[in-house]
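As structure tokens, the structure follows; a few thoughts come after it.
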Amino acid sequence: MSQTTAAATTALRHLMELLATDASAEEYTAVAARARADGIDDRDVKEIDRAVSTALGVRKVLRRQRRREAELTALFDTASDLAALRDLDAVLHSIVRRARTLLGTDTAYLTLVDEAAQDTYMRVTDGSVSVAFQELRLNLGEGLGGLVAQSMRPYASPDYRTDERFQHTETIDHGVLDEGLVAILGVPLLLGSGPAGNRNVIGVLFAADRGPRSFSPDEVALLGSLAAHAAIAIDTARTLDDARTAAAELTEANTVIQDHAAAMQRAAEAHDRLTDLVLHGSEVSEVAAAVAEFLGGRLTIFDPRGDVLARAGGRENSPAPDSDALSQAVARARAEGRSVRHGDHWHCAVLAGQELLGSLAFHGRPDLEGPDRRLFERTGTITALLLLLRRTVAETENRVRGELLTDLLDGAGRDPALFAERGRRLGVDLTRPHLMLVAESDADADGRLTAGAQQYLFGREGLCCEYEQHVVMLVPDDGTEPGQAARAAAEHLSQGLGEPVSVVAAGPCQGPAALPDFHLEARRCLSAMRVLGLTGDGACAADLGFLGVLLGKEQDTSGFVERILGPVLDWDERRGTELVRTLQAYFAVNGSHIRAKGLLHVHVNTVVQRIERIGALLGRDWETPERALEIQLALRIHLISQLGRTRTDR
């Protein structure tokens, strides 16, 4: 082989090595230049030139294949990301970063269409350094991106700042200049297929350089492929979000349905329980206990005046509504026709038509809606029914009891054993001592006083009736002083009636036969109370002083003397003094100390000292006309009783 041929062979081998190492184009042309310098003949040089040209062509094909391989790898990786989509932001950042890497641009970014605002906004950037650029918003048709979004076609500009094809705005140009961008390529993010009318643009994917550059069709196609993947990612993410939202809504709806079903089940159980209570004639306390258990709180049932009828559930120290709050809440509940919340309590009026029978108050839950609130309101209806039933039974029983008491008051000459038997059937033992209470009120014209008296006696073994325009009550003697019993009854009845009620107590009386006389005594005392201006008060014969002595059936004169003169009599008995005799002399001479000392045959100072002692024993008001009259009457009765004992002793 000649030297020239060997040199040509070496040059060709070197070209193969350059292809294997993906050398630069300059290294290929250097092979031909070196061959000429080595003195290779023209024929071999031409052959080497053809070989260099062929190698450069092969190099170009190999580079295109490698780039295509990288693009396919990037698209495959993007598809893998989409298949494992968990975080939309991460996928979009990956797509933008790959676009920047494959196209070799300084930056890449993605904008999305805002349907509400009818513009596009920056969603993801890679390689951006300008805050103003990252916050850009483009109206449809404005700038390169706005035109891409409006036309749904890709656009490229080698130098955007001087390109007149686009609608420049001060805001867009400022952002592009602040980022330093020159060459820009934008492709639409499209959803749907077929004609443009069936496709929807949701955003734009960009690649941009900070220097002039022309983008090839391959680069446009590559960016378009990445944009298609980005559109799929966004659509998939939105679909997943919608699915998650729908699933959450379904879960919430299912929870609501389950809660509603549970509440309805609980309401059905409560309804059955309340129905059983009504059918069995249960007390309102049992209703309160059942409802408090179902609602999980404390339920209180009040009568129309605000007194507690029943209370159940919750803590024993749960706060109770005060009377003013209760009145306001019940008034609201009646006006609105349903339960209302007032402070920490829920309230419901217990009505029979327009008549207020009482109210309910529930405490323990801030919310009381749906079936639970309806259960609370239904409890008001159930309570009204039970109260009406109880009132009907009570009215029937009171009528029978009233007939017995009327017969007792009219019963002169009737068999006491027959009365006692009738009383036993009603749960009243007429053989034990009783107090008789007689009440009257000028304002009672519709039987309200009788109803109030029956309510006052509720739960006690008593009898009540209307008799000779008065209300008569017969109650077992429990040791309460008659005057105190009369005052307690007068206070209660006056409060319930809203008008003054006068009450007189007589007794204790033993046996049915004694009742008419005690009734007569009480009637007389009522007349005395009217004369004395004691209307609306309660009293017994002993409370009326000497009038009580005159009017009382038993005429307890010794008790009257003891009550009026007891301290003076005790002083004389213990000390051997003559205070009673001094008091008699003092009244006999109209309160003159000088004239009294003549009757007593003592010094006037002695009279003064004795009178002062009497005042200390009887009280400062002993010389008032009313007290003086009682004292003189007691003195007269005492003297008469002393004379009676003297005659008896003789």
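What follows is calculated from the coordinates using simple rules that are stated; it is not laboratory data. Being a predicted model, the structure only gives us computed values, none of them experimental. Cβ: placed from backbone, ideal geometry, glycine included. Neighbour counts: every protein chain shown.
Compute, for region 281-387, the length of the dipole vector about the Cα centre, with Cβ point charges of +1 (Lys, Arg) and -1 (Asp, Glu) only. Units Debye, rounded to 20.
220
How many nm is it between the label spots at A417 and D322, if each spot is 7 Å from the Cα in line with the beta carbon?
The answer from the label model is 6.2 nm.
Going highest first, how would you order 602-613, 89-100, 570-581, 122-133 by mean Cβ packing within 10 Å?
89-100, 122-133, 602-613, 570-581
Under a point spin-label approximation (7 Å from Cα along Cα-to-Cβ), what is the R43-Q469 distance to one decimal in nm?
16.5
Go through 136-147, 199-210 and give me the packing order, highest mean Cβ count within 10 Å leading.
Going from most to least packed, we get 199-210, 136-147.
Region 219-252 to region 125-177: how many Å between their Cα centroids?
The two parts, judged by their Cα centres, are 25 Å apart.
Among 350-362, 330-342, what's the highest-first ranking by average C-beta atoms within 10 angstrom per residue?
Highest mean packing first, the order is 350-362, 330-342.
For the pair Q632 and Q354, what calculated FRET efficiency results from E = 1/(1 + (r/R0)^6), where r is the Cβ-Cβ distance and R0 = 56 Å, to the nearest 0.05?
So, using R0 = 56 Å, E works out to roughly 0.40.
Treat each spin label as a single point 7 Å out from the Cα along the C-beta direction, and report the A90 to A268 distance in nm.
My value for the distance between the label points is 4.8 nm.
FRET efficiency for D303 and R620, Cβ-Cβ distance as r, R0 = 30 Å, nearest 0.05?
0.10
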